[in-house]
Each structure stands twice: as structure tokens, then as C-alpha cells.
Amino acid sequence: MNYKGLEINETAEGIEIQGVHDFDLVHIFDCGQCFRWLKQKDGSYLGVVGSKAVRVSFYNEKLFISGSTYDDFVNLWYEYFDLGTDYSKIKKALCKDEIMAKAVEFGHGIRLLRQDIWELLISFIISANNRIPRIMKSVETLSKTFGNEISSSEGVFYSFPKPEDLSSCSMDKIELCKAGFRCKYISETSDMIRKKAVDLGSLSDMDTAHARKELIKLSGVGAKVADCVLLFSATKFDVFPTDVWIKKIMEILYFKREATLKEIDIFSKDYFGDLSGYAQQYLFFYARETKIS
């Protein structure tokens with residue numbers, strides 16, 4: 001079967017998608033954009049997306065997704081892995097200097113996942129001043145405690161809880177996820193989303209500044225968390241999420257001096273434009289893996 005130029009073979013074990021380019025599982029899952037994928041000894045990844053729990057592997061331009069059907073690919077995986085975007089054009093546009101050329105070459109298989117904005121919001125609230133293993137553990141515990149069980153050929157997993165699941169429970173239960181001071185933010189933001197104090201579905205209709213301003217209304221959400229949510233949900237691609245780590249990278253690679261967050265924001269908008277979010281991911285992955293800072 002063919003879908004938008006990709007050949008999909010469906011078997012009893014899952015689906016194999018042929019002809020996938022500009023794609024690397026390590027680059028995608030280990031660049032800081034997601035927290036529910038675990039690498040396995042054979043190089044595959046186990047993860048949960050919505051109500052689906054699958055194993056994903058990639059060899060020789062062939063993407064395999066266990067426990068999935070052709071319909072799953074059309075309705076979920078094609079968009080989730082952003083397979084309709086030509087990343088060769090994005091990379092070509094970004095390679096305007098030697099720094100970006102090296103970063104793009106190093107992270108050549110990065111793709112920005114199109115993730116659920118609600119799950120991203122809580123995940124990145126948990127991420128503030130936190131380490132990735134602890135973030136992943138907290139997200140998993142929230143899912144086990146408040147989500148729905150998902151049975152699959154890969155084992156038993158849990159979906160991410162809905163806003164009403166978290167807003168209606170006690171702080172004692174939320175604190176089981178061991179997110180520390182962030183537990184209060186999880187509870188308050190869940191309640192705000194349930195009451196429609198901020199409508200996540202309307203953000204795509206706003207300009208970037210307005211969408212960011214709306215998200216910052218939520219408990220535990222600052223500019224960096226807001227930009228991550230906008231970028232990794234595929235709502236806005238012109239954001240350049242900047243924390244202490246990214247600030248240091250930009251100072252070393254571009255400014256050659258200390259720079260303010262405002263200077264970095266202006267530079268990214270002027271230099272990378274609508275591709276700022278993609279540039280940030282290539283630079284982040286390159287700098288982290290090569291220990292530039």
C-alpha cells in the first residue's frame with residue numbers, strides 16, 4: 001500500500017514504511033523534545049503516543065512500528081513523525097554558515113515530532129530545573145497513577161492523564177510523581193485548562209507572541225516552557241526556546257561573549273526566521289553531544 005509517496009507493508013507484527021529519509025531515532029528521541037520513549041539494547045525504542053504503545057526501529061530507510069496498522073499510520077504516525085515535511089530543504093536553508101552546517105550534519109536525522117500539546121505542557125512544567133531521567137520518571141508515574149492502561153504486544157503501558165483526571169485529585173496523589181515544587185503547578189494548570197482559562201486548541205490561530213502570552217498565564221509556565229510547548233506540538237516553528245544551556249551555546253558559537261536573552265531572541269528571529277525552532281534543535285543536539293559548553 002502507498003500513502004503520500006511512502007510504501008507501507010502491513011504484517012501481523014506491525015507496519016514497515018519504506019523510503020523514509022532524513023530520519024534517525026537517536027537524533028529524534030534524544031534531542032530533548034519528548035519524554036516517553038525508552039531506548040532498548042537492540043537500538044529500537046519503546047514508547048507511548050496517545051492510546052498506542054509501540055516499538056519503533058529504523059534500518060536502511062525502513063521504519064518499523066510494532067502493533068500498528070496501515071490505518072494507524074494514516075491517522076497517527078504520518079503526522080506524529082512529520083513525514084510529510086521535506087527536511088532536506090529545511091537543512092539546506094539553515095546551512096548558512098559553518099556552525100550550522102556542522103550542527104545539521106551532526107543531527108541530520110532530527111525531526112520535530114508533532115506531539116499532543118496537553119501532555120507537552122505538563123511534561124515541560126515538570127522539566128523546569130530538572131534532569132531528563134527524573135522528568136521521564138515523573139511523567140511515567142503520572143501516567144500509571146491517573147492514565148488508562150494500554151495492553152500491547154510490548155507489555156502493559158499507560159496513557160497520559162487528561163486535565164480533569166489531574167485537577168480533580170488531591171495534592172497527595174499528584175506528589176506521588178515526585179516532581180517536587182512543580183506538583184503545585186501541575187495541579188493548578190490542570191484546573192485552569194479544565195476550566196478553559198487558556199484554550200490550548202486556539203493557540204495555532206494566534207501569532208507567536210500572543211500564543212506565548214496565553215501560555216504564560218498558566219501556573220509554572222515561563223517563556224522557555226511556553227516556547228517548547230509551541231515548538232514541539234508543531235504549533236509555532238519560529239520560536240527559539242532559550243534556557244541557561246542554550247544561552248551558553250549561543251554565546252560560545254555565535255556571540256563570542258556574554259549575551260542577554262533578548263539579544264539571543266532578536267538574533268534568532270533575524271538570522272533563522274521561521275526556521276528558528278529547527279535551528280535550536282540542531283544546535284542543542286550538536287552542542288550537547290559534542291560537549292561544546
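General remarks:
- Residue ranges of strands (runs of 3 or more DSSP E) in segment 1-45 with at least 1 members under 22 Å from I117 (Cα atoms): 37-39
- Selection of segment 155-196 for residues being under 17 Å from V229 (Cα atoms) and more than 21 Å from the chain's Cα centre (by Cα) yields only M192.
- Boolean, E175 is assigned by TED's automatic domain parsing to the domain that holds L121, surrounded by fewer than 19 Cβ atoms within 10 Å (Cβ to Cβ) and either out of contact with any helix residue (DSSP H, G or I) (no Cβ under 7 Å at 6 or more places or on another chain) or among the polar types (S, T, N, Q) (or both): no
- Checked across segment 53-67, the condition of being in a loop (DSSP other than H, G, I, E, B) and either surrounded by 14 or more Cβ atoms within 10 Å (Cβ to Cβ) or in contact with a Leu (Cβ under 6 Å, 6 or more places away or on another chain) (or both) holds for at least one residue.
- V221 vs. criteria outside any helix (DSSP H, G or I), buried (at least 22 other Cβ atoms within 10 Å of the Cβ), modelled with pLDDT of 95 or more and out of contact with any Phe, Trp or Tyr (no Cβ under 9 Å at 6 or more places or on another chain): no
- Boolean, E16 is in contact with a Lys or Arg (Cβ under 7 Å, 6 or more places away or on another chain) and more than 28 Å from I122 (Cα to Cα): yes
- Scanning segment 72-124 for residues that are touching a His at 6+ places or on another chain (Cβ under 8 Å) and outside any loop (DSSP other than H, G, I, E, B) returns Y87, S88, K91.
Per-residue answers, yes or no, for (1) of a type outside the set (S, T, N, Q); (2) in the same structural domain as Q280 (by TED's automatic domain parsing); (3) more than 21 Å from C228 (Cβ to Cβ):
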{"position": "I15", "(1), (2), (3)": "yes, no, yes"}
{"position": "H21", "(1), (2), (3)": "yes, no, yes"}
{"position": "L25", "(1), (2), (3)": "yes, no, no"}
{"position": "C34", "(1), (2), (3)": "yes, no, no"}
{"position": "K62", "(1), (2), (3)": "yes, no, yes"}
{"position": "T69", "(1), (2), (3)": "no, no, yes"}
{"position": "L76", "(1), (2), (3)": "yes, no, yes"}
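- K291 surrounded by fewer than 17 Cβ atoms within 10 Å (Cβ to Cβ) and either touching a helix residue (DSSP H, G or I) at 6+ places or on another chain (Cβ under 7 Å) or more than 26 Å from F106 (Cβ to Cβ) (or both): no
- C228 meets the stated requirement of being in contact with a Pro (Cβ under 7 Å, 6 or more places away or on another chain), in the same structural domain as R131 (by TED's automatic domain parsing) and assigned to a helix (DSSP H, G or I).
- Unmet criterion (only one of (1) more than 29 Å from V26 (Cβ to Cβ); (2) in contact (Cβ under 8 Å) with a residue 12 or more places away in the chain; (3) outside the structural domain of S202 (by TED's automatic domain parsing); (4) not in a helix (DSSP H, G or I)) for D238: (1)
- Test: residue in segment 196-203 that is in contact (Cβ under 8 Å) with a residue 24 or more places away in the chain, buried (at least 20 other Cβ atoms within 10 Å of the Cβ) and in a helix (DSSP H, G or I): yes
- Checking G32 against (1) over 17 Å from the mean Cα position of the chain (by Cα); (2) surrounded by 14 or more Cβ atoms within 10 Å (Cβ to Cβ), the condition it does not meet: (1)
- Set K213, K173: member being in a helix (DSSP H, G or I), of a type in the set (K, R) and in contact (Cβ under 8 Å) with a residue 24 or more places away in the chain: K173
The values are calculated or read from the model by the stated rules, or taken from the named source; none is laboratory data. Nothing here was measured: the structure is a model prediction, and the numbers come from that model. Cβ coordinates were reconstructed from backbone atoms using ideal geometry, including for glycine residues, and neighbour counts include every protein chain displayed.
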